[in-house]
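Working notes, structure below.
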Amino acid sequence: MFDNLTQRLSATVQRLTGRGRLTEENIREALREVRVALLEADVALPVVQALIERIKVRAVGQEVLKSLTPGQALIKVVRDELTAVMGTQNASLHLAATPPAVVLMAGLQGAGKTTTVAKLAKHLIDHKKKVMVVSADVYRPAAIEQLHTLAQQVGAGFVPSHVGEKPVAIAKAAVDAARREVADVLIVDTAGRTSIDEAMMAEIKALHEALDPVETLFVVDSMTGQDAANTARHFADALPLTGVILTKVDGDARGGAALSVRYITGRPIKFLGAGEKPDALEPFHPDRMATRILGMGDVLSLIEDVQQKTDADKAAKLAAKVAKGKRFDLNDMKDQLDQMLNMGGLAGLMEKLPGVSSLPDKVKSQVNDKEVQRMIAIIGSMTKKERRHPDLLNGSRRARVARGSGTQPADVNRLLKQYTQMEKMMGKFARGGMKGLMRQMGGAMKGMGGRGMPPR
Amino acid sequence: MPSLWNKLANRKPPPPVDRGPAPLDDEAPVAPSIPARQEPGSPGWHASALPNIANGPDDLLATAAAAVPRRGWRERLSDSGFARGLSSLFARNPVLSDELLDELEITLLSADVGVNATAELIDDLRRRMHKREFADAAALREALRSRMVALLEPVAQPLDPGGRKPFVLLVVGVNGVGKTTTIGKLARRFQQEKRDVLLAAGDTFRAAAVAQLQEWGGRLGVPVCSQGQGADSASVIFDALQMADAHGKDVMIADTAGRLHTRSGLMDELAKVRRVLGKLDAEAPHEVLMVIDGTTGQNAINQVRQFIDAIGVTGLAVTKLDGTAKGGVVFALAREFALPIRYVGLGERAEDLRTFEARAFLDGLLPASA
């Protein structure tokens, strides 16, 4: 239901075409679209307003590069700005302290603290740390048991605690236990709490004081709406947070909460929780999250990819050939197919297209490069002469090619039909040169994103 | 920006929400003073917060009787950022202007009402304001109120577990929305309505989910049917229904594992639960209650859509409305799906699950008189 920003902007920026610069006047409407897009992605309103200001400042006066349309130019500004706000590097944990280095988790109910404790423990264990975990959640039924089970799963030490104990006492005892066991890291899980529950906020402040943790991580659900800003502010006021962990990013929420929390707390997002298994903890990449919030897939990096990986020499040769009015033959088609595989194949391309991430896995798994590989095999089974002069391929030659490539004559026919279409297209671009061809390719790929289904 | 944060920072802190026991009647008068929450860890605190399983519900009732009344839900919600924003907006008795509408729009957007639902409400007000339909800001406020009530009233349909025996209630939702807690509260509610309840521990995936439900069962003295972690969820729920049937239970509430709506494999599992239940009772489950986290933003719409596709949701429960988020998402959901909203969760205690009432909900957010 959410259009991606590129589509959203295309109408409003159309009238910018031909203008050399972005001005406050001509981007006003486009910025309104950016605002709506950010709000739909659940970026908190105050943060949206601040961002729009920053984007305006950066966009106004920008020259629209010849290679980009005005819309693309503006999107690039928006994306760069979001990336900048979200921090430039993915920060990891700072555990340089006298062992045990204590990590304290905080967040609302159901944000995913306990699961994240297990994931962090696994992550650290994989990095050769000795990790112990403890639960100071004496409120939620079976919370302690949940952490116990998870600790066993990931092989972390578990400091037992009981609902009858005070959280601060549990924490202190756990530090002693970790010291005794010579653990490198102690991760302290806490109960979920509403940020306006003063008694509970006082409790976590007391916990923080007692533990003096090197890392105080705020765990936030990526599906959170406007409230992310309020909650983050309250937690940041109560606790000296050192970082943020964004959970449930394997859903299809656009994750505007990431931006709100980052902007409000000024703390880096250190990890993403992206699945139910203990190893589903990913480092955070600001640029990818910016792209996701804008809902535009990775179109820009796709364009970069196309530009980088297209073999420039071959492309130039083909362009020269087509320009001279020579025929596009099956050798050229094979080159193109090879290049497609070079770029990571269809699946790789698909991943970068907007809207594809929301396709069910079933559809995604149907997209593979078998078809492309089969086409290459068919061309490979032809003689050199046949490749140069596809008209030679009569019935019996086609049957031979099918046998040679292990396919059916129908497959060969389909390939030849696709070839004829491509040849026609190439003829059209004879005067447009390679630039026109590239633009067309980009357009065709975007169109594919809209349909969502790859050609069969 | 800064002014907004100052406003937030200077707001009157709400009275501490006591996690301790409370009276059992739903609309108790507001106590002038609410005692501070007991120090966690003191014996009294534990006796009340986690009654011994052995003592069962009697213990719960005994401690509850000694407690103070707690606030009605109008009081709770009117403390929210949303309500405060709206109230302060109108308290100034501003002139009718586009600026007023802009401020109103900002307030709605900040409450997660959503871009589309907000635009619809505001555009309508703007059109009518320009036709000079409103005499003053108060009239405009009344118009907004009635529009919002009109959105919510049709979906405020309470759940009636009568008529069927056993009434099969399947609780679904994404991870961490409060399914198990909601089930505990629901079981207590049904119990008070003198219904015989059975719980089915269908969340066989998450660590200690079964134990969590058993703890609730122990507290309330409600039997829990379980097979432990890693068992097949559909099989647990099937067994539970057989058991509920055999023991003549009135209501069977089945827990399920939290699943993100984008995981098609897990969503198919839900369809299986329905298929398997259909073998015992063609109409089961009689209610598929989807739990929504009240702090969720616009993604709630995607969630509900996917769950409707997978298992056919018949009702919603919105939880965690006791924080700073105040459920504007409810408007977006009502507009998009018109699914009945059965319950709202306004706190952590068992009686904090309330029947959803459009007027009470709105009264808290946007009181009728200034």
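The values are calculated or read from the model by the stated rules, or taken from the named source; none is laboratory data. As the structure is a prediction and not an experimental result, all values here were calculated from the model. When we count neighbours, we look across all protein chains shown, and the Cβ atoms used for this are built from the backbone with ideal geometry, even at glycine. Ligands, DNA and RNA are stripped out before the accessible areas are found, and what is left, the full protein with its side chains, is counted by its heavy atoms. Shrake-Rupley method; radii C 1.70, N 1.55, O 1.52, S 1.80 Å.
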Any residues in the range B:159-190 that have 50 Å² or more less accessible area with all protein chains than in their chain alone, probe 1.4 Å, and which are they?
B:ASN175
Just to confirm my numbers, what's the Cα centroid distance between the range A:199-217 and the range B:302-321 in Å?
35 Å
Would you mind calculating the relative contact order of the range B:167-356 from Cα pairs under 8 angstrom and at least 6 residues apart, reporting the percent as a whole number?
26 percent
Per-residue counts of other Cβ atoms within 10 Å, averaged by peptide: what ranking do you get for A:220-232, A:119-131, highest first?
A:220-232, A:119-131
Mean accessible surface per residue for the range A:244-295, computed with a 1.4 Å probe while every protein chain stays in place, in Å²:
29 Å²
Listed highest first by mean packing, meaning other Cβ atoms within 10 Å per residue, what order do B:292-302, A:77-87, B:124-134 come in?
B:292-302, A:77-87, B:124-134
Per-residue Cβ counts within 10 Å, from other chains only, averaged over B:205-214: what number is that?
6
For A:ARG180, what is the net charge nearby, where nearby means another residue's Cβ is under 14 Å from its Cβ and Lys, Arg count +1, Asp, Glu -1?
0
Theoretical FRET efficiency, 1/(1+(r/R0)^6), r = Cβ-Cβ of A:ARG397 and B:ASP232, R0 41 Å, to 0.05:
0.15
Round to a whole number: what % of the accessible area of the range A:162-256 belongs to carbon and sulfur, probe 1.4 Å?
50 percent
What total accessible area, in Å², is buried where chains A and B meet, using a 1.4 Å probe and rounding to the nearest 100?
4900 Å²
Using protein chains only (no ligands, no nucleic acids) and a 1.4 Å probe, work out which residues of the range B:292-310 have their accessible area cut by at least 30 Å² relative to the chain alone.
B:THR295, B:GLN298, B:ASN299, B:ASN302
Any of A:LYS113/A:LYS166; A:LYS130/A:LYS166; A:LYS334/A:LYS424; B:LYS249/B:LYS279; A:LYS270/B:LYS179 with alpha carbons more than 21 Å apart? Name them for me.
A:LYS130/A:LYS166; A:LYS270/B:LYS179
Taking every other residue with Cβ under 12 Å from the Cβ of B:GLU120 and scoring Lys and Arg +1, Asp and Glu -1, one gets 0
Keeping the other protein chains in place, figure out the carbon and sulfur percent of the accessible area of the range B:244-370, with a 1.4 Å probe.
47 percent
Apply 1/(1 + (r/R0)^6) to the Cβ-Cβ distance of B:ALA138 and A:GLN339, taking R0 = 60 Å, and write down the FRET efficiency to the nearest 0.05.
0.30
Charge context of B:ARG164, other residues only, Cβ under 10 angstrom, K/R +1, D/E -1
-4
Quick calc, A:ARG374 & B:GLU103: beta-carbon distance into FRET formula, R0 60 Å, rounding 0.05, result 0.45
Does the range B:157-255 come out rounded, prolate or oblate, given a ≥ b ≥ c as the square roots of the eigenvalues of its C-alpha gyration tensor, rounded meaning a/c under 1.5 and, failing that, prolate meaning a/b above b/c?
prolate
Cα centroids of the range A:257-274 and the range B:136-170: how far apart, whole angstrom?
36 Å
Pairwise label distance in nanometres, A:ALA320 with B:ARG359, each label 7 Å out on the Cα-Cβ vector
8.4 nm
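Give me the tail of P(r) for the range A:137-198 as a percent: Cα-Cα pairs with distance above 18 Å.
Details: 727 of 1891 pairs.
Considering the range A:137-198, 38 percent of its Cα-Cα pairs are separated by more than 18 Å.
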Using the per-residue mean of other Cβ atoms lying within 10 Å as a proxy for protection, in what order, highest first, do the peptides A:406-412, B:283-289, B:193-199, B:330-336 fall?
B:330-336, B:283-289, B:193-199, A:406-412
Pop out the Kirkwood hydrodynamic radius of the range B:167-356 from its pairwise C-alpha distances, inverse of mean 1/r, in Å to one decimal.
16.3 Å
Would you be so kind as to list the residues of the range A:156-187 that have their accessible area lowered by at least 20 Å² in the full protein complex compared with their chain by itself (1.4 Å probe)?
A:VAL163, A:GLY164, A:LYS166
